[in-house]
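Everything below concerns the one structure shown next.
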Amino acid sequence: MKRFCVLTIISAVIFASTISDGWAKENVIRLGAAISLSGKLAQEGTSTVKGFELAVKTINERGLLKLGNEAYKLDLKVYDDEGNAHTCAKLVEKLIAEDKIDYILGPYSTTITLPASTITEKNHRVMIVVGASVISIFTRGYKYLFGLYPDAKTSADPTLELFSISKNPRIKKLAFLTQNDIFAQYLREGAVEKAKAQGFEIVSDQTHPTEALDLSTELRKAQAAGMEALIQSSHFNNAYLVYKQMLELGIRVPTFLNVGPIFPRFRQDFGDAADYVFTAAVWHESMKTKCSVFGTASEFSEIVKKTYGHPADYMNGIGSAGVLSFMYAFMDAYKKDGKITPDTVRDALARQDVQSFFGRIKYKPNGIRDASFLSIQLQPGGSFIVYPKEYATRNVVYSTSKAGN
Amino acid sequence: MDSILIIQVLIAGLFIGGIYACVSMGFSLIWGVSSFVNVAQGEFVMLSAFITYWLFRLLHVDPFVSLIFVIPTMYFLGYYLEKYLIDKIIAVDPFITILFTFGLSLLISNIALRAFAPDIRVIITSYSEANIKVGRIPIPIIRMIIFLFALTVSGALFLFLKKTRIGNAIRAASQNRKAAITMGIDIREIFAITFGIGIAITSVGGSLLAIVSPINPLMGLSFVLKAFVVSVLGGVGSLRGAFIGGIVLGLCENYSSLFLSSNFKNAIAAVILVLILIVRPKGIFGERGVE
């Protein structure tokens, strides 16, 4: 009898603890990301993760994610892929298999995203790519893959259009200087196509290794060929190298750096010498966009400034937009299908058409976002949209560094 | 081809060659004296670059002036590292020492990554954009100064080894270790001093590089490969060989960019290595011991 009572009490305690675990459990949807927090892509990766974290925090604090009448929270798990494709693929596998996460925010860079997205597709898990924009990512027929960048091939288009209509200076001869990797070469391909279509003469077209210490010979070669503007494609570190060495060598031409100038660090490090350089972005804090989560684009930038101590760059923006896109998809999937599964969320993303602080989020049938790039120029006072005209907040200025004026 | 362009590329080659020379002389000196291949040599390039950067950023110390602090600091870092750590394994199997310094390289770079974050850093001075014109040829003043610094430091090291007692002891130890010990030279102390000097001269390369090139915590590894090639090219332990080898590598990289393609820049080092090993394995100035 005594033994029976003890066993009953023990069973009741065990049963009660499992029940109370269930009652105490929060409604949580987990997001995962394997992205570069170290290595040569760390600047881009950490900027993007700041965007993720800010969006998750904002959505959770304000209780914005509601499925039916129930409030849900987002939980974010981030691993550092160290800028290595193999590491990223293994980490994405880990997120899916061990952490049981169904919704992945994409890594940074095309080289890394290609194998990582193969893992998610194989496992029928949804990925929103927030750091890669080469079209080959989206031409593999993958159903569970979406991307927030428009096709990177078009990133230099607005700036090239601007150069083509410039009367003072007249820009007819272009030089290309491109890092030797998939992403940069893809950008170059698109820019060369556009340049030829616009009637430019390409006087120099050079490719350099990813690990470059000195590009002065390449810059001198382009200068000797008579370039009137430079189109440079690479990741952050080489953009820095090229611009620094252009200043040092006294090479003064309108310069487009695909990545780099949009980061606040560029202005901090180069100071006034950063003025008048061109770059591309899919989003800018001066855009007239708005959403219920962050308000306008400039309000988002203010929130980033308060949280991280610097104005928002477009990687913060795209990181937050990725989380927002998932949030809207969860709510839409629940409304239509009554449940959240990778398949219902995937379908919700495919039909998504929402306005956000980041602009319109709508995906084409192949999964890539239906949007275009802006031409941004750094001028005294900050960075400004200078083309297309309908978004421009300042006129373009053709000048060079303070020493060159 | 425009002769001005050819001369400008010569200047570019001399500049980067001077930096390779500083890095390689330190590497070659350590290798030649203690038969120790320091795979972590590149991390000292990175550390000195960051010291120069932070002195500039926080205390507004001119990068060239920062060498007054960098050289002795890196000397003592190298000296004590050898005395209390590397000395324990220096007589062990060479493979073990390479493995050890490889691990040391990873440790230093990851500590730097934590301490400095993965951000790219640049130094922009008031004279970064200054140029002088020699005839029709614009020459960036900063690069000229860097090359002259590299030349001066190399010359000073050469004189030190030739004209001082410690220098003579280092040369003796590299030529015949047993005889040096017999003559009363404290070989372990000499190794520590050599290591310190090797790190110090390598750090000159790092500080000079930071003035014209962006730096990051993971930049060290590529320098080890260049230093290795230059040391083999010039002859292990030959400082004259390391200096000339560095200049040759810098010129080859830049002229290959000019006449072929920039993509050959990194391949050139490998080609030089293979050719030297086939044609003259001892290196151009390869001799017994440091000279």
*Determine whether A:ALA312 is within 29 Å of A:ARG265 (Cβ to Cβ) and modelled with pLDDT of 95 or more.*
no
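With segment A:216-317 as the region, which helices (runs of 4 or more DSSP H) entirely inside it contain at least 3 residues that are under 22 Å from A:ILE202 (Cβ atoms) and without any contact (Cβ under 8 Å) to a residue 40 or more places away in the chain?
A:216-224, A:236-249
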*Quickly run through segment A:235-272 and pick out the residues that are at positive phi and more than 7 Å from chain B (Cβ to nearest Cβ).*
A:GLY260
*When you look at A:ALA175, is it away from chain B (no Cβ under 14 Å), open to solvent by less than 20 Å² (accessible area, probe 1.4 Å) and either under 21 Å from B:ILE123 (Cα atoms) or modelled with pLDDT of 95 or more (or both), yes or no?*
no
*Can we say A:TYR363 is surrounded by fewer than 21 Cβ atoms within 10 Å (Cβ to Cβ), hydroxyl-bearing (Ser, Thr, Tyr) and touching a strand residue (DSSP E or B) at 6+ places or on another chain (Cβ under 6 Å)?*
no
*Among the residues of segment B:243-250, is any over 14 Å from B:GLY26 (Cβ atoms), open to solvent by less than 10 Å² (accessible area, probe 1.4 Å) and not in a helix (DSSP H, G or I)?*
no
_Given the condition out of contact with any Phe, Trp or Tyr (no Cβ under 9 Å at 6 or more places or on another chain), under 27 Å from B:ILE197 (Cα atoms) and at the interface with another protein chain (Cβ under 10 Å from one of its Cβ atoms), answer yes or no: does some residue in segment B:111-120 qualify?_
yes
_Single match in B:ILE11, B:ILE51, B:ILE19, B:ILE7 (criterion: open to solvent by less than 10 Å² (accessible area, probe 1.4 Å) and β-branched (Val, Ile, Thr))_ = B:ILE19
_Of everything in segment B:165-212, what is of a type in the set (S, T, N, Q) and touching a residue at least 12 places away in the same chain (Cβ under 8 Å)? Give them in sequence order._
B:SER174, B:GLN175, B:ASN176, B:THR194, B:THR202, B:SER203, B:SER207
*Does any residue of segment B:38-55 turn out to be in a loop (DSSP other than H, G, I, E, B) and touching a Phe, Trp or Tyr at 6+ places or on another chain (Cβ under 7 Å)?*
yes
*Would you mention how many residues in segment A:366-388 are of a type in the set (Phe, Trp, Tyr) and assigned to a strand (DSSP E or B)?*
2
*asked:* Looking at B:ASP87 and the list (1) more than 10 Å from chain A (Cβ to nearest Cβ); (2) assigned to a helix (DSSP H, G or I); (3) open to solvent by 30 Å² or more (accessible area, probe 1.4 Å), which single condition is not satisfied?
replied: (3)
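Test A:ASP181 against the stated conditions and say whether it is open to solvent by less than 40 Å² (accessible area, probe 1.4 Å), charged (D, E, K, R) and free of Cβ contacts under 8 Å to residues at least 40 places away in the same chain.
No, not satisfied.
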_Candidates B:GLY250, B:GLY220, B:GLY237, filtered to the one that is on the phi > 0 side of the Ramachandran plot and either in contact with a helix residue (DSSP H, G or I) (Cβ under 7 Å, 6 or more places away or on another chain) or at pLDDT below 90 (or both)_ = B:GLY237
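Rundown of residues vs (1) open to solvent by less than 40 Å² (accessible area, probe 1.4 Å); (2) under 25 Å from A:VAL282 (Cα atoms); (3) aromatic (Phe, Trp, Tyr), yes/no style:
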| position | (1), (2), (3) |
| --- | --- |
| A:GLY106 | yes, yes, no |
| A:ALA116 | yes, yes, no |
| A:HIS124 | no, no, no |
| A:VAL129 | yes, yes, no |
| A:ALA132 | yes, yes, no |
| A:PHE146 | yes, yes, yes |
| A:SER155 | yes, yes, no |
*Hey, can you tell me all the residues within segment B:94-109 that are in contact with a helix residue (DSSP H, G or I) (Cβ under 9 Å, 6 or more places away or on another chain), within 19 Å of B:PHE191 (Cβ to Cβ) and either open to solvent by less than 30 Å² (accessible area, probe 1.4 Å) or at pLDDT below 85 (or both)?*
B:THR97, B:THR101, B:LEU104
_Of all residues in segment B:226-237 being among the hydrophobic types (A, V, I, L, M, F, W, C) and touching a Leu at 6+ places or on another chain (Cβ under 9 Å), the one that is most open to solvent (accessible area, probe 1.4 Å)_ = B:PHE228
*Limited to segment B:54-72, what total is found for residues that are surrounded by 15 or more Cβ atoms within 10 Å (Cβ to Cβ) and in contact (Cβ under 8 Å) with a residue 40 or more places away in the chain?*
8
*Working only within segment A:203-217, note down all residues that are farther than 20 Å from B:GLN8 by Cβ, more than 7 Å from chain B (Cβ to nearest Cβ) and open to solvent by 50 Å² or more (accessible area, probe 1.4 Å).*
none
*Select from segment A:266-283 the residues that are touching a Lys or Arg at 6+ places or on another chain (Cβ under 9 Å) and charged (D, E, K, R) and write down the one among them that is surrounded by the fewest Cβ atoms within 10 Å (Cβ to Cβ).*
A:ASP272
*Is there a residue being open to solvent by 10 Å² or more (accessible area, probe 1.4 Å), within 13 Å of chain B (Cβ to nearest Cβ) and not β-branched (Val, Ile, Thr) anywhere in segment A:284-302?*
no
*What number goes with the only condition from (1) out of contact with any strand residue (DSSP E or B) (no Cβ under 7 Å at 6 or more places or on another chain); (2) among the small types (Gly, Ala, Ser); (3) under 21 Å from B:SER257 (Cα atoms); (4) away from every other protein chain (no Cβ under 14 Å) that A:ALA152 does not pass?*
(3)
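Report, by residue number, each residue of segment A:229-247 that is touching a Leu at 6+ places or on another chain (Cβ under 7 Å), farther than 21 Å from B:ILE141 by Cβ and open to solvent by 10 Å² or more (accessible area, probe 1.4 Å). Reasoning before the result, please.
Looking only at segment A:229-247, we keep the residues that are touching a Leu at 6+ places or on another chain (Cβ under 7 Å), and these are A:229-233, A:235, A:239, A:241-243, A:245-246.
Filter once more, so that each one left must be farther than 21 Å from B:ILE141 by Cβ: A:229-233, A:235, A:239.
Selection gives A:HIS235 alone.
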*asked:* Looking only at segment B:265-283, count every residue that is part of a helix (DSSP H, G or I) and open to solvent by less than 100 Å² (accessible area, probe 1.4 Å) and tell me the total.
replied: 13
*Can you tell me which residue in segment B:1-32 is farthest from B:VAL212 (Cα to Cα), limited to those that are among the small types (Gly, Ala, Ser) and in contact with a Ser or Thr (Cβ under 7 Å, 6 or more places away or on another chain)?*
B:GLY32
*Only one of these is open to solvent by 20 Å² or more (accessible area, probe 1.4 Å) and within 19 Å of the chain's Cα centre (by Cα): B:ALA179, B:ALA192, B:ALA156. Name it.*
B:ALA156
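The values are calculated or read from the model by the stated rules, or taken from the named source; none is laboratory data. From a predicted model like this one, the values you see are computed outputs, not experimental measurements. Please note: Cβ atoms are built from the backbone with ideal geometry, for glycine as well, and neighbour counts cover all protein chains shown. Protein only, heavy atoms only, side chains kept; ligands, DNA and RNA dropped before computing areas. Shrake-Rupley method; radii C 1.70, N 1.55, O 1.52, S 1.80 Å.
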